[in-house]
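The values are calculated or read from the model by the stated rules, or taken from the named source; none is laboratory data. Predicted, not measured: the structure shown is a model, and the values here were computed from it. In this analysis, Cβ positions are derived from the backbone assuming ideal geometry, glycine residues included, and neighbour counts consider all displayed protein chains. Side chains are part of the model used for accessible areas, which takes the heavy atoms of the whole protein and leaves out ligands, DNA and RNA. Shrake-Rupley method; radii C 1.70, N 1.55, O 1.52, S 1.80 Å.
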Amino acid sequence: MKTRTGPIVEVRNIYKSYRRGTQTVPVLEDITFDIQEGEFLALMGPSGSGKSTLLNLIAGIDKADSGTITVGGIEITSLSETELAGWRATNVGFIFQFYNLIPVLTAFENVELPLLLTGLSRSGRREHVDLALKAVSLSDRADHYPSQLSGGQQQRVAIARAIITDPTILVADEPTGDLDRHSAEEILDLMERLVHELGKTVIMVTHDPRAAGKAHIIKHLEKGVLNSDVHSEDTL
Amino acid sequence: MFILKILFKNAFRHKLRTSLTVLGITIAVLAFGLLRTVVGAWYAGVEASSATRLVTRNAVSLVFFLPISYKEKIRQVPGVTEVGYSDWFGGVYKDEKNFFPNFATDAKTAIDLFPEFIIPADQKTAFLRDRKGAVVGRKTAERFGWKLGDIVTLKGTIFPGNWEFVIRGIYRGAQKSTDETQFFFHWSYLNESLKKTAPYRADKVGWFLIGVKSPDVAPDVAVTIDKMFKNSLAETITETEKAFQLSFISMTEAIVVVIRLVSFIVIVIIMAVMANTMAMTVRERTGEYAIMKTLGFGGWHISGLIFGESLVIAAIGCASGIALTFPAAKAFGDSLSQFFPVFIVARSTIYMDMAAGLIVATVAAVFPIWRAITLRIADGLRRIG
Ligand SMILES: Nc1ncnc2c1ncn2[C@@H]1O[C@H](COP(=O)(O)OP(=O)(O)O)[C@@H](O)[C@H]1O
Ligand SMILES: [Mg+2]
């Protein structure tokens with residue numbers, strides 16, 4: 001994967017609309033852009049502008065009406081549902097606004113969950129999970145259930161779950177949207193470290209300028225149209 | 001392992017709802033088991049009946065009698081080894097509610113014809129010797145605390161008067177399914193009294209009991225006997241004891257059909273309750289299933305989780321229902337022993353309980369599974385936010 005050249009994500013002429021009753025509501029119109037490997041990209045825009053929709057398309061959990069998306073050399077827009085599921089399992093790490101941990105599983109088990117789909121042995125899985133929890137400084141909370149953790153801690157568990165399979169891209173939809181400022185800072189620092197220290201590619205939807213400030217590149221989505229790149233320094 | 005944990009934990013996440021559902025299944029399985037056992041008890045006499053015994057009765061109806069003189073004629077039929085006869089006495093012990101079947105019978109042949117009634121040899125002799133002697137089943141003896149030598153008075157309903165008997169024998173059943181509630185005494189005792197008080201009723205019997213060499217000659221013997229009495233004053237119907245018992249039951253067959261029907265309706269109702277529980281459960285967890293799908297888990301995993309959860313709930317309910325069926329059937333059988341001398345939970349009933357549990361679990365899971373599988377991830381996630 002590292003030998004491949006060119007952008008890690010190529011979005012080409014994406015159109016997406018939703019049906020609302022008899023009406024067709026266009027959400028994304030002719031979106032085209034690239035993301036380079038190791039880049040930290042923030043996607044901004046007003047509520048309802050289609051940020052989540054675009055992120056979902058790149059992450060392979062929704063289908064575009066037309067256009068192509070290529071991630072890590074694979075044209076995901078032409079994969080079947082089943083192929084997409086397999087692709088997501090190893091290529092995408094997800095971080096959501098509301099953490100979305102499984103409440104009946106401990107922090108350890110939540111992080112372990114994606115590894116069940118790999119051929120990894122029990123001890124192999126344990127090793128990986130230990131490392132991931134350590135990376136998010138939660139080794140001492142491995143046996144806690146989500147309800148026993150603060151929002152910030154839960155989001156760190158979610159990040160550990162997202163990186164556990166060493167995915168090609170990390171997608172985050174408003175990862176700090178539900179957190180207080182201090183916890184948000186922690187999460188953003190953690191994401192920065194993932195980019196800088198581990199060379200991860202991160203695509204983050206946010207409408208918090210402070211969060212966007214951590215990114216290398218900020219893209220604005222307005223009424224389904226993408227505005228030209230803005231460098232983070234300019235927005236602050 | 002991991003999946004099992006999720007599944008069990010999920011099943012008990014909503015403790016009250018799961019407990020109520022489990023309780024519902026327990027009661028449904030219990031009711032189903034008891035109702036089926038009642039039906040089984042109804043047919044117990046048929047099941048236990050012998051294939052080498054024939055019954056000859058009046059062709060018109062059981063309440064019409066046959067002349068005792070038929071006995072010698074029946075004896076002549078090739079294949080017949082023994083001929084006995086009985087009358088339904090219909091005596092009441094103190095109170096109507098103390099019902100147990102009682103017969104006047106030809107004592108000697110009765111003992112030979114019913115090897116499944118086990119009577120100690122000395123009691124047999126004592127019974128045969130005493131004109132007023134009677135033999136009673138273990139259950140009825142225990143019920144009224146009768147011991148050997150006790151004098152028991154039955155009030156006649158068909159044959160008026162107070163009839164005194166001496167308990168000379170207590171029999172026990174050779175099998176679990178043998179009726180241990182019967183009471184029988186010498187037909188000659190009844191007949192002698194009738195000769196004095198109601199001579200027109202004397203020398204008549206309710207039915208003949210016929211022993212045959214082997215089950216395969218039974219049909220021919222039956223035909224020969226009935227032919228013999230064709231165009232006589234009292235035409236006969238001869239059939240195997242099994243058919244005879246069935247003809248008794250057929251009078252009440254409608255009730256049995258209703259009980260069977262109700263037992264299945266109970267299962268259908270609990271199916272609806274369980275389906276509702278699973279539908280609510282899965283609806284609440286839409287977001288979680290969306291997450292698992294996002295992480296790459298497929299339809300099979302999700303189906304397994306939902307079906308497994310349904311199965312856990314159904315299995316717990318079913319197991320407790322089955323466990324409770326035995327003591328309940330015992331209590332039921334004890335208090336209703338006069339109506340159901342044999343009240344045993346059949347193995348087939350347990351298998352049907354299990355099958356019902358499995359079907360309930362499956363049916364309840366089908367719709368939720370379909371919903372979870374067809375759920376679009378983006379929609380599922382949207383619900384959380
Ligand atoms: N499943 C859906 N059905 C109908 N409309 C939808 C659906 N998902 C999103 N939309 C609409 O598409 C638009 C963009 O939504 P979204 O991508 O969630 O916006 P953002 O994340 O930028 O707030 C909104 O108007 C939203 O109502
Ligand atoms: Mg959004």
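Can you tell me which residues in the stretch B:267-313 are in contact (Cβ under 8 Å) with a residue 12 or more places away in the chain, surrounded by fewer than 19 Cβ atoms within 10 Å (Cβ to Cβ) and within 19 Å of residue B:30 (Cβ to Cβ)?
Of everything in the stretch B:267-313, those that are in contact (Cβ under 8 Å) with a residue 12 or more places away in the chain, surrounded by fewer than 19 Cβ atoms within 10 Å (Cβ to Cβ) and within 19 Å of residue B:30 (Cβ to Cβ) turn out to be B:269, B:273.
I need the full set of residues from the stretch A:13-32 which are open to solvent by less than 10 Å² (accessible area, probe 1.4 Å) and either free of Cβ contacts under 8 Å to residues at least 40 places away in the same chain or more than 16 Å from ligand 2 (Cβ to nearest atom) (or both), in order please.
Listed by number, the list holds a single entry, A:14.
For a quick check of your reading of the model, give me the residue pairs whose first member lies in the stretch A:48-74 and is at the interface with chain B (Cβ under 9 Å from one of its Cβ atoms), whose second is assigned to a helix (DSSP H, G or I) and within 16 Å of ligand 2 (Cβ to nearest atom), with beta-carbon atoms closer than 7 Å and at least 6 apart or on different chains.
These pairs meet every condition: A:56/B:378; A:61/B:294; A:61/B:377; A:61/B:378; A:62/A:53; A:62/A:56; A:62/B:378.
Output the number of residues of the stretch B:107-122 satisfying the condition of being farther than 15 Å from residue B:170 by Cβ, out of contact with any Leu (no Cβ under 8 Å at 6 or more places or on another chain) and either open to solvent by less than 30 Å² (accessible area, probe 1.4 Å) or of a type in the set (S, T, N, Q) (or both).
Qualifying residue count, the stretch B:107-122: 0.
Which of the strands (runs of 3 or more DSSP E) contained wholly in the stretch B:160-253 include at least 3 residues that are outside the structural domain of residue B:336 (by TED's automatic domain parsing) and among the aliphatic types (A, V, I, L, M)?
Strands (runs of 3 or more DSSP E) meeting the threshold: B:162-173, B:207-212.
Filter the stretch B:101-115 down to the residues that are touching a strand residue (DSSP E or B) at 6+ places or on another chain (Cβ under 6 Å) and under 18 Å from residue B:245 (Cβ atoms) and list them by number.
Result: B:102, B:103, B:105, B:110, B:113.
Collect the residues in the stretch A:35-61 that are closer than 17 Å to residue A:93 by Cβ, touching a helix residue (DSSP H, G or I) at 6+ places or on another chain (Cβ under 7 Å) and of a type outside the set (Gly, Ala, Ser), keeping them in residue-number order.
Of everything in the stretch A:35-61, those that are closer than 17 Å to residue A:93 by Cβ, touching a helix residue (DSSP H, G or I) at 6+ places or on another chain (Cβ under 7 Å) and of a type outside the set (Gly, Ala, Ser) turn out to be A:40, A:43, A:56, A:61.
What are the residues in the stretch B:324-352 that are hydrophobic (A, V, I, L, M, F, W, C) and assigned to a loop (DSSP other than H, G, I, E, B), if any? Can you show your working first?
Kept after step one, since they are hydrophobic (A, V, I, L, M, F, W, C), are these residues of the stretch B:324-352: B:324, B:326, B:328-329, B:331-332, B:336, B:339-340, B:342-346, B:350, B:352.
Residues satisfying the conditions are B:336, B:339, B:340, B:342, B:343, B:344, B:345, B:346.
Select, from A:90, A:70, the only residue that is open to solvent by 20 Å² or more (accessible area, probe 1.4 Å), within 29 Å of residue A:189 (Cβ to Cβ) and polar (S, T, N, Q).
That would be A:90, the only listed residue that is open to solvent by 20 Å² or more (accessible area, probe 1.4 Å), within 29 Å of residue A:189 (Cβ to Cβ) and polar (S, T, N, Q).
Which members of the stretch B:14-35 meet the condition of being open to solvent by 80 Å² or more (accessible area, probe 1.4 Å) and free of Cβ contacts under 8 Å to residues at least 24 places away in the same chain?
Start the filter on the stretch B:14-35 by keeping residues that are open to solvent by 80 Å² or more (accessible area, probe 1.4 Å), which leaves B:14-16, B:20, B:23, B:27.
Answer for the stretch B:14-35, where residues must be open to solvent by 80 Å² or more (accessible area, probe 1.4 Å) and free of Cβ contacts under 8 Å to residues at least 24 places away in the same chain: B:15, B:16, B:20.
Report yes if some residue within the stretch A:97-108 is away from chain B (no Cβ under 14 Å), touching a residue at least 12 places away in the same chain (Cβ under 8 Å) and under 20 Å from the mean Cα position of the chain (by Cα); otherwise report no.
So far as the stretch A:97-108 goes, yes, one or more of its residues are away from chain B (no Cβ under 14 Å), touching a residue at least 12 places away in the same chain (Cβ under 8 Å) and under 20 Å from the mean Cα position of the chain (by Cα).
Which of (1) farther than 24 Å from residue B:363 by Cβ; (2) within 14 Å of another protein chain (Cβ to nearest Cβ) is the odd one out, the single condition residue B:288 does not satisfy?
The one condition residue B:288 does not meet is (1).
Scanning the stretch B:352-385 for residues that are surrounded by fewer than 16 Cβ atoms within 10 Å (Cβ to Cβ) and within 14 Å of ligand 2 (Cβ to nearest atom), which turns out modelled with the lowest pLDDT?
Only one residue tops the list, namely B:385.
Sort through B:296, B:321, B:357, B:317 and tell me the only one that's in contact with a Gly (Cβ under 9 Å, 6 or more places away or on another chain), part of a loop (DSSP other than H, G, I, E, B) and assigned by TED's automatic domain parsing to the domain that holds residue B:10.
After applying the criteria, what remains is B:296.
Out of (1) near ligand 1 (Cβ under 10 Å from one of its atoms); (2) open to solvent by less than 70 Å² (accessible area, probe 1.4 Å); (3) more than 12 Å from chain B (Cβ to nearest Cβ); (4) touching a Gly at 6+ places or on another chain (Cβ under 8 Å), what's the single condition that is false for residue A:8?
The single condition residue A:8 does not satisfy is (1).
Among the numbered criteria (1) modelled with pLDDT of 90 or more; (2) within 16 Å of ligand 2 (Cβ to nearest atom); (3) not polar (S, T, N, Q), which single criterion is violated by residue A:46?
It fails just one condition, (1).
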